[in-house]
Amino acid sequence: MKRRIQFTIVFISIFLFMCNPKKTEDSSSLLLFFLLSNTANTSAATTTSTVTSSAVVSTFAGLSGSSGTTDGTGSDARFRFPYSITMDAGGSFYVTDNGNYTIRKITSTGVVTTFAGTAGSSGTTDATGGAARFYDPEGISVDSSGNLYVSDNLKYTIRKITSSGVVTTFVGSLDNVGTTDGTGTAARFYSPRSLAIDSNGNLFLADSGNHNIRKITSAGVVTTYAGTTASSGSTDDSSLASKFFEPNGIAVDSNGNVYVADTSNSTIRKISSTGIVSTLAGLAGSRGTTDGAGSEARFSWPQGLTVDSSGNVFVADTYNHTIRKITSAGVVTTVAGTAGTSGTTDGVGATAKFSFPRGITLDGSGNLLIADSSNGSIRKIVF
């Protein structure tokens, strides 16, 4: 049995590395999960969800299962490991095309162009458009003026891209890991991932390696908003007394509440506008596929979040290959995909298939757009 477990761990690590060689941190976390699951007998839920949703899933841009760098319309375009997605005030979408080291733009009609960076050329250069370079672009968010903010994860910086495509390093210091709060390049991060922005122009960042949530003002002032820096856990408490475990996805609602995909805990956390951290759904350390209310529900390494105007949170439940919905009361349902089954199929509800979906956002009509990372495509869900 021990040899079988070891073989499974090695196989999964190799598979993840082949999907995207830069994702060594994700691979390491997954290794830890399997080691704990098989040696410590963690309580992973086994009940599967029943999808009765009428959500219609289609491919909006890219061709599932076919990666590349091509700009074009709809299925003529190609991506390589799209990670996060956001929408601007004009209805255009921006994607961190992680494996291509670029930022892509998609119009509301599905026309894809490369907005910043050059496919196949990684780096850290601040410049305009194709002359700029990114190394590991992951999170992305856009402010009311059309400025984009991108987390360059393995370079530990947040980059800013103006609406005209001028790229600068906004906060953090190239290749310098740390926990320091401060302004601009004086601040330090460790594996900065997803970003969200509130109505006042403040950025919220899931600083995954530091196990905390950082706040960044429009002037570039960085503070620790929630979590105990460099100390992982699952504690619900006031903001700085709480604990997270490699948080990734993040979203903020119109009332200033922040939602966090606490990835390695496989839970969804809520930080109230008054700074109180609670667990909205899931049970820390218990992974599975179960739909239900609050701690009865189970997730498996969720990595993307968005929230609608009614307070419903939508989750890219990455390792379940599904899209989940959480009501404001904490009731979880599966809206699309089949837990444990990856694929490329467009369809209704459970007939649709995803492969490690990560980024997720809403359009102006309440439809979901998903960065279906391992399929190399952008999927759309219409309710």
So for segment 276-294 (the condition being of a type in the set (D, E) and in contact with a Gly (Cβ under 7 Å, 6 or more places away or on another chain)), does at least one residue qualify? no
Could you tell me whether T179 is surrounded by fewer than 24 Cβ atoms within 10 Å (Cβ to Cβ), over 13 Å from D126 (Cα atoms), in contact with a helix residue (DSSP H, G or I) (Cβ under 7 Å, 6 or more places away or on another chain) and not acidic (D, E)? yes
Any hit, segment 280-290, residues being without any contact (Cβ under 8 Å) to a residue 12 or more places away in the chain and out of contact with any strand residue (DSSP E or B) (no Cβ under 8 Å at 6 or more places or on another chain): no
What residue, among those in segment 190-228 that are in a strand (DSSP E or B) and of a type in the set (G, A, S), is nearest to V260 (Cα to Cα)? A206
Among the numbered criteria (1) buried (at least 20 other Cβ atoms within 10 Å of the Cβ); (2) closer than 19 Å to P247 by Cα; (3) in contact with an Asp or Glu (Cβ under 7 Å, 6 or more places away or on another chain), which single criterion is violated by S278? (1)
Let me spell it out: the conditions are (1) under 19 Å from the mean Cα position of the chain (by Cα); (2) of a type outside the set (K, R); (3) part of a loop (DSSP other than H, G, I, E, B), and S365 meets all of them except one. Which number is the exception? (1)
So S264, is it more than 21 Å from T228 (Cβ to Cβ) and not in a strand (DSSP E or B): no
Tell me the residue from G123, G220 that is in the same structural domain as G68 (by TED's automatic domain parsing), free of Cβ contacts under 8 Å to residues at least 40 places away in the same chain and either farther than 21 Å from D253 by Cα or not charged (D, E, K, R) (or both), please. G123
Among the residues of segment 227-261, write down those that are of a type outside the set (F, W, Y), free of Cβ contacts under 8 Å to residues at least 60 places away in the same chain and either outside the structural domain of G304 (by TED's automatic domain parsing) or touching a His at 6+ places or on another chain (Cβ under 9 Å) (or both). G227, T228, T229, A230, S231, S232, G233, K243, P247
Kindly indicate whether any position in segment 65-84 is within 17 Å of D363 (Cα to Cα), not in a loop (DSSP other than H, G, I, E, B) and either not assigned by TED's automatic domain parsing to the domain that holds N153 or not small (G, A, S) (or both). no
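The values are calculated or read from the model by the stated rules, or taken from the named source; none is laboratory data. A quick note: this is a predicted structure, and the numbers were derived from the prediction, not measured. Cβ atoms come from the backbone with ideal geometry, glycine included; neighbour counts cover every protein chain shown.
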